[in-house]
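Written below as structure tokens is the structure these notes are about.
The values are calculated or read from the model by the stated rules, or taken from the named source; none is laboratory data. Source: prediction; values computed, not measured. Cβ placement follows ideal geometry from the backbone for every residue including glycine, while neighbour counts extend to all protein chains displayed. Surface accessibility is based on the protein's heavy atoms, side chains included, excluding ligands, DNA and RNA. Shrake-Rupley method; radii C 1.70, N 1.55, O 1.52, S 1.80 Å.
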Amino acid sequence: MTRNATLTQAPRRSLVDSAIEQIRTQIESGAWRVGERIPKEQELADLLGVSRNTTREAIRVLSHAEVLEVRQGDGTYVRLNVDPTEVMRRVSRSSLHDHFELRAMLEAEAARRAATQRSDADVIKLRKLLKVRGNQEDHSRLEKFVDADIAFHSALASVSGNTALIELYRYFSPAIRSGVWSVLDEVDLPEPALEAHEAIVDAIERKDAEGAALAVREVVGPLIKALADRS
């Protein structure tokens with residue numbers, strides 16, 4: 001039997017978005033679990049206090065995100081307990097401090113694994129990408145610098161050889177790009193220097209796993225500290 005937590009009527013300012021948010025809350029809270037069928041369309045519309053058309057559109061959006069699965073003639077079932085789109089929205093709205101702490105965790109592990117998995121060709125590629133990156137003043141447009149920086153760090157994740165880590169880094173790339181832009185827009189925040197990035201590649205070339213992870217933390221560390229000092 002489907003368990004229903006108390007639902008409040010969706011405000012009229014954005015009926016579809018509010019319906020989506022309330023359905024998502026039911027799923028994330030565990031009221032509607034993965035594999036369970038949610039209330040039928042009319043019942044759900046009544047619970048949300050919206051029309052069947054609004055309910056149908058909310059279900060369509062969440063089905064597209066693969067949170068829900070519509071089975072013709074059977075009903076709508078919970079497929080995921082987390083909405084990937086909502087996760088990215090929350091990540092993008094997190095503080096810069098939290099954002100770069102997350103980056104440090106991901107990239108330190110990527111660098112650690114890259115040091116044990118790398119080939120000579122990988123080292124050559126990383127050095128080429130780092131040369132293209134250079135420092136911010138080497139680029140006529142900020143966009144080119146950001147693209148080059150992302151390309152280097154993405155390649156670092158790829159060299160790790162861990163498919164899950166590679167895909168996770170790719171998934172968070174839009175938030176990473178946004179974070180880089182935010183830092184470069186603020187003159188009082190330290191920009192990670194080229195030399196600090198070179199230390200990462202040097203450690204990877206030596207196959208020094210701990211040294212590579214430490215080098216990543218030394219790249220991001222001053223920025224994390226500067227952001228923490230603000231709070």
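A few comments on the model shown:
- Whole-angstrom gap from the stretch 54-76 to the stretch 15-35, using each part's C-alpha centre: 12 Å
- The distance between label points at residue 25 and residue 57 comes to 2.0 nm (points 7 Å beyond Cα on the Cα→Cβ vector).
- Gaussian network model of the chain, springs between alpha carbon atoms under 10 Å - residue of 185, 74, 149 with greatest fluctuation: 74
- Listed candidates (i) 48; (ii) 29; (iii) 37 - label of the one calculated as percent of Cα pairs over 27 Å apart: (i)
- Each residue was assigned an accessible area with a 1.4 Å probe, and for residue 40 the value is about 140 Å².
- Per residue, the chain exposes 55 Å² of accessible surface when a 1.4 Å probe is rolled over the protein heavy atoms with every protein chain present.
- Taking a ≥ b ≥ c as the square roots of the eigenvalues of the Cα gyration tensor, the stretch 138-178 is classed as oblate, since a/c reaches at least 1.5 and a/b does not exceed b/c.
- Scattering profile of the stretch 97-222 at q = 0.10, 0.17, 0.23 Å⁻¹ [log10 I(q)/I(0), Debye over alpha-carbon scatterers]: -0.27, -0.82, -1.55
- Counting charges near residue 132 (Lys, Arg +1; Asp, Glu -1) among other residues having Cβ under 12 Å from its Cβ returns a value of +3.
- Apportionment of accessible area to carbon and sulfur, the stretch 108-231, percent (1.4 Å): 53 percent
- Solution diffusion estimate, µm²/s, Stokes-Einstein, the stretch 10-138, Kirkwood Rh from C-alpha pairs, 20 °C, viscosity 1.002 mPa s: 118 µm²/s
- Whichever aspartates and glutamates have a C-alpha closer than 20 Å to that of residue 125, once near sequence neighbours (fewer than 8 apart) are set aside: 107, 109, 138, 147, 149, 167, 195, 198, 202, 205, 208
- Ellipticity at 222 nm from helices only: DSSP H runs of n ≥ 4 in the chain, each -39500 (n - 2.57), divided by the residue count, give -22000 deg cm²/dmol.
- Positive dipole terminus of the stretch 129-231, leading residue within 142, 129, 165 (C-beta point charges): 165
- Taking a ≥ b ≥ c as the square roots of the Cα gyration tensor eigenvalues, the stretch 86-149 comes out oblate, since a/c reaches at least 1.5 and a/b does not exceed b/c.
- Placing a pseudo-label 7 Å from each Cα along the Cα-to-Cβ vector at residue 102 and residue 182 gives an inter-label distance of 1.0 nm.
- The stretch 156-221: C-alpha gyration tensor shape, a/c 1.5 cut-off, then a/b vs b/c: oblate
- In nm, spacing of pseudo-spin labels at residue 82 and residue 218 (7 Å Cα→C-beta vector): 3.3 nm
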